[in-house]
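A short worksheet on the structure shown next.
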Amino acid sequence: MIDKLIHDFLHDLENTRHRSGRTARNYDFYLKRFLVWLNQAKINSPEKITLETVNGYSSWLKKLSSTIRKTKLKDNTRNYHLIALRAFLKYLIKKKISSLSPDKVRLAVFRGTAPIFLEKNELEKLLEAPFKTNQEKILQLRDRAILELILCTGLKVSEVAVLEINKLNLKKDSFVLSGKKKRTIFVSNQARYWIKKYLESRYDKNRFLFISHDRASLAREKTGLTPRSLERVVEKYRQASGINKKITPQILRHSYAMSLVRSGETIETMREKLGHLSLNSSVRYFDYK
């Protein structure tokens, strides 16, 4: 029965949720190993999957050897298996099939610094902050657009700094970002709304999306905001919002990553959306909810 449910889950992943074929293949590989463990434990129905079952599976993975290097699986590799299992258990909940809660599946200890991110109420305060200042309306609109864009895309500050107006089509919900690795960036309706409002207030010929509006920069018309300027924008609204927590563009990127985890995105999808070169950079978010 469980093998049929896994088959249905993978079909849903690829055909309903439109995840890549690579994601489905990886999850298929990881979940087949889970099936091997279930057969050894003589478990054949989802309601019999318990915390003890998962802990036994995690210990079994720890002793397992890589099929390529013939060495013990690293913690990160073990986590990929457990993240796939979480996704499968979430699917069972969605289908109202009784089984273990995915939140019970704990990952191997992450040996780096836990990512700092903002909760929903903090994000709301931060987004409202530009219109609580006495600065010019065009700067209020620009800064709201900056915050919205980073929070809905997870773009790095260096990527935001070099965005050009003609690279975006505000009638579409995505654009292609060039760089070391091309990737599709999806932009929320709210972010597109504020970018449009900001651009409607501009009368310059500067090609960059976000610019300084002092006389010197408007005269140059060839430069956008620098990464350091964008960092100062974020810090200004941290102070204005009264949030007693460190906030940087990188922390806004962490917040976007956590929103992906909480919405049930796969680790491969996260890697693609954040532009990570390695899955190891994405896995760190999955044990911090």
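The values are calculated or read from the model by the stated rules, or taken from the named source; none is laboratory data. Computed from a predicted model, the values in this text were never measured in an experiment. Ideal geometry is used to build each Cβ from the backbone, glycine not excepted, and the neighbour counts take in all protein chains shown. Side chains included, ligands, DNA and RNA excluded: accessible areas come from the protein's heavy atoms. Shrake-Rupley method; radii C 1.70, N 1.55, O 1.52, S 1.80 Å.
Key figures for this structure:
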item	result
Label assignment, Cα extents along the principal axes in Å derived from the structure, set [x] 57, 47, 35; [y] 73, 38, 36; [z] 60, 51, 32	[y]
About the Cα centre, charge dipole magnitude for the chain (Lys/Arg +1, Asp/Glu -1 at Cβ), debye	680
In sequence order, calculated HN-Hα J values of segment 53-63 (Karplus, 6.51, -1.76, 1.60; Hz; x Gly/Pro)	4, 5, 4, x, 5, 4, 5, 5, 4, 4, 8
Straight-distance crosslink candidates among aspartates and glutamates, where the alpha carbon sits under 12 Å from Lys273 and sequence neighbours closer than 8 are dropped	Glu265
Rounded to whole Hz, the Karplus (6.51, -1.76, 1.60) HN-Hα couplings of segment 151-168, x for glycine and proline	6, 9, 10, x, 4, 6, 4, 5, 6, 5, 4, 9, 5, 10, 4, 6, 7, 9
Centroid-to-centroid separation of segment 131-145 and segment 188-249 [C-alpha atoms, Å]	9
Long-range amide H partners of Arg183 with built H, under 5 Å	Leu177
Among Lys74, Lys42, Lys137: highest mean-square fluctuation, GNM of the chain, C-alpha pairs under 10 Å	Lys42
Sequence-distant residues sharing a close amide H with Gln135 (under 5 Å, placed H)	none
For Lys72, residues with placed amide H under 5 Å, excluding near neighbours	Ser66
Between 0 and 90°, nearest 10: helix 21-40 axis offset from the chain longest Cα axis	30
Per residue, in Å², the accessible surface of the chain once ligands and nucleic acids are set aside, probe 1.4 Å	54
Acute angle (nearest 10 degrees) that the helix 75-94 long axis makes with the longest principal axis of the chain, alpha-carbon atoms	90
Between 0 and 90°, nearest 10: helix 227-241 axis offset from the chain longest Cα axis	90
Positive-end residue of Ile150, Ser281, Ile185, charge dipole of the chain with Cβ unit charges	Ser281
Reachable aspartates and glutamates, given that their alpha-carbon falls under 14 Å from the alpha-carbon of Lys95 and they are not under 8 places away in the same chain	Asp8, Asp12, Glu47
Among the listed pairs Lys197/Lys245; Lys48/Lys90; Lys137/Lys245; Lys132/Lys156; Lys4/Lys94, those beyond 20 Å (Cα-Cα)	Lys197/Lys245; Lys137/Lys245; Lys132/Lys156
Carbon and sulfur %, accessible surface of segment 55-186 computed with the full protein complex present, 1.4 Å	51
Over 32 Å between alpha carbons, listed pairs Lys42/Lys74; Lys74/Lys96; Lys62/Lys182	Lys74/Lys96; Lys62/Lys182
Candidate aspartates and glutamates for bridging to Lys120, where Cα separation is under 16 Å - those fewer than 8 sequence places away on the same chain excluded	Glu128, Glu148
